[in-house]
Structures are given as structure tokens and as C-alpha cells.
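Report on one structure; see the data block that follows.
The values are calculated or read from the model by the stated rules, or taken from the named source; none is laboratory data. Source: prediction; values computed, not measured. Here Cβ is always computed from backbone atoms with ideal geometry, including for glycine, and neighbour counts include all displayed protein chains.
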Amino acid sequence: MNEDAEKKKIYLAGPEVFLPDAREIGQRKKELCANYGFRGLFPFDNEVSLSDPEAPLLIYRANLALLRQADCGIFNLTPFRGPSADVGTAFELGLLAGLGTPAFGYSNERASMLERMQRDGQAAFDESTSVWRDASGLSIEDFDNADNLMLDACLAEQGRPLVRTQAAAGHRLTDLAGFELCLELARDYFASAASLRTAARAF
């Protein structure tokens with residue numbers, strides 16, 4: 001049997017697909033996956049012509065097909081185009097979790113969502129209600145969560161943290177320290193699952 005076919009497959013999600021060197025970053029991630037005994041599935045593995053009138057739908061379908069193949073997923077939830085994670089990545093995280101597939105997530109920004117908004121002058125404390133609010137008067141969650149609680153809690157429900165590291169300026173979307181920590185968690189998860197199966201067969 002093909003050795004690569006026996007490896008657990010990891011769907012690699014994140015906003016790096018929008019970077020000019022997206023393919024190179026995807027390849028670096030896939031190489032790290034291989035170092036840990038996994039096979040990485042990157043969205044650009046799909047070949048879809050952007051000139052096709054149905055390109056958006058074809059890309060959506062192709063990405064979902066990769067998600068369904070995956071044994072787990074690693075999601076780059078670093079803030080993108082604002083204070084929150086890339087919305088497409090958040091959608092894919094929810095879908096994978098809904099399928100009952102293990103998910104791992106990381107952010108290259110250590111500060112909580114509230115701390116980031118405070119730092120950027122986007123949060124003010126409403127003393128009348130003891131709630132932090134944005135410029136539109138909408139409440140901001142104050143749970144030390146990296147992002148919207150549905151993302152943090154999605155991972156916590158599976159017994160996993162949203163891994164936070166602090167990337168150097170200019171490398172926020174490309175730093176792979178948090179990604180590699182997720183690979184370690186995935187390796188430990190599958191090793192533990194294999195040990196449990198072995199123990200169960202012994203009885």
C-alpha cells in the first residue's frame with residue numbers, strides 16, 4: 001500500500017490563501033505535516049480556473065471535498081482584515097466540528113479579542129452596564145477569548161485550546177510556530193487514540 005495513503009490527512013485552513021506566496025506557504029505547511037507523519041491537504045491542491053463563471057461554487061465544492069477527506073483540521077484563526085479570524089476559515093472550522101472531526105486552531109496574536117480592540121481604540125467601557133462596547137455601542141465579549149466565543153468554545157468542546165503565540169511584525173499570517181504546536185497536539189491525539197484501540201483489543 002502507498003505509504004502516503006496510510007498517513008492521517010489534515011485539512012489546512014487559513015487566510016494565507018490570499019497571500020501572494022500562498023502556494024509556497026502551503027507547501028511549507030505540508031512539509032511540516034510530513035515531518036510529523038501526516039499528509040496535509042491545502043486548498044490550492046484543487047485546480048480550478050478562476051476564469052470559469054462558476055469558479056466560486058467550484059472552489060467551495062472542492063474545499064468541502066477536501067474537508068470531508070480529512071482526519072482532522074488545523075485552522076489559522078489569526079485576525080484577518082479586522083479584529084476577527086477570516087470568515088471562510090471560521091465557516092470551515094464549524095463545518096469540520098459539525099462533522100465530528102477533530103479540529104485544532106491557532107492564532108499568531110496572543111492578545112484576546114477585547115485587548116486587541118482596546119489597543120486599537122475600538123473599545124470603550126460602559127459604566128452604566130459594566131460592559132465593554134465598540135464604536136457602534138455593541139457589546140464586546142469579555143471572556144479572554146481569542147475571538148468570538150463560538151470559535152474558542154468549538155475547540156474547547158473537543159478538549160483543545162485555541163493556541164496563541166505572538167508573531168513578529170510582518171509575519172502575522174505566515175509564522176508557523178502556532179501551526180507546529182497544533183501538529184504536536186494532533187500527533188499526541190492520534191497516538192493516544194491508537195493506544196486506546198490497542199488496549200481495547202487486548203481484552
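Given the condition outside any helix (DSSP H, G or I) and modelled with pLDDT of 95 or more, answer yes or no: does some residue in segment 47-69 qualify? For segment 47-69, residues outside any helix (DSSP H, G or I) and modelled with pLDDT of 95 or more: absent. Summed over segment 18-34, residues that are among the small types (Gly, Ala, Ser) and either touching a residue at least 60 places away in the same chain (Cβ under 8 Å) or under 18 Å from Arg172 (Cβ atoms) (or both) total 2. Looking across Gly14, Gly37, one residue alone is touching a strand residue (DSSP E or B) at 6+ places or on another chain (Cβ under 8 Å), closer than 22 Å to Ala169 by Cα and in contact (Cβ under 8 Å) with a residue 12 or more places away in the chain. It is Gly14.
A single entry from Phe44, Phe75, Phe125 fulfils the requirement of being closer than 17 Å to Lys9 by Cα and in a strand (DSSP E or B): Phe75.
Scanning segment 170-184 for any residue that is over 20 Å from the mean Cα position of the chain (by Cα), at pLDDT below 95 and either assigned to a loop (DSSP other than H, G, I, E, B) or assigned by TED's automatic domain parsing to the domain that holds Asn76 (or both) turns up nothing. Checking the structure you have, find out if any residue of segment 8-19 is among the β-branched types (Val, Ile, Thr) and part of a helix (DSSP H, G or I). Scanning segment 8-19, I find at least one residue that is among the β-branched types (Val, Ile, Thr) and part of a helix (DSSP H, G or I), so the answer is yes.
Taking the stated definitions as given, is Gly94 more than 17 Å from the chain's Cα centre (by Cα) and under 24 Å from Phe18 (Cβ atoms)? Against the criterion (more than 17 Å from the chain's Cα centre (by Cα) and under 24 Å from Phe18 (Cβ atoms)), Gly94 does not qualify.
Candidates Phe104, Phe125, Phe143: the one that is under 27 Å from Phe18 (Cα atoms), at pLDDT 95 or above and of a type outside the set (Lys, Arg) is Phe104. Put simply, of Ala177, Ala168 the only residue that is small (Gly, Ala, Ser) and either loosely packed, with under 13 Cβ neighbours inside 10 Å or without any contact (Cβ under 8 Å) to a residue 12 or more places away in the chain (or both) is Ala168. Among residues that are touching a residue at least 24 places away in the same chain (Cβ under 8 Å), assigned by TED's automatic domain parsing to the domain that holds Leu155 and either under 22 Å from Gln166 (Cβ atoms) or assigned to a helix (DSSP H, G or I) (or both), Arg116 is not included. May I ask you to verify whether Ala34 is modelled with pLDDT of 95 or more, loosely packed, with under 14 Cβ neighbours inside 10 Å, assigned to a helix (DSSP H, G or I) and not charged (D, E, K, R)? When the stated conditions are applied, Ala34 passes them. In this structure, Phe42 does satisfy being under 20 Å from Phe80 (Cα atoms), in contact with a Gly (Cβ under 6 Å, 6 or more places away or on another chain) and of a type in the set (Phe, Trp, Tyr).
Residues checked against (1) under 17 Å from Phe104 (Cβ atoms); (2) surrounded by 16 or more Cβ atoms within 10 Å (Cβ to Cβ); (3) not assigned by TED's automatic domain parsing to the domain that holds Glu180:
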{"site": "Lys9", "(1), (2), (3)": "yes, yes, no"}
{"site": "Ala13", "(1), (2), (3)": "yes, yes, no"}
{"site": "Val17", "(1), (2), (3)": "no, yes, no"}
{"site": "Asp21", "(1), (2), (3)": "no, no, no"}
{"site": "Ile25", "(1), (2), (3)": "no, yes, no"}
{"site": "Pro56", "(1), (2), (3)": "no, no, no"}
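Taking the criterion of being in a loop (DSSP other than H, G, I, E, B) and either touching a residue at least 12 places away in the same chain (Cβ under 8 Å) or surrounded by 22 or more Cβ atoms within 10 Å (Cβ to Cβ) (or both), the residues of segment 82-110 that qualify are Pro83, Ser84, Asp86, Leu99, Thr101, Pro102, Asn108, Glu109, Arg110.
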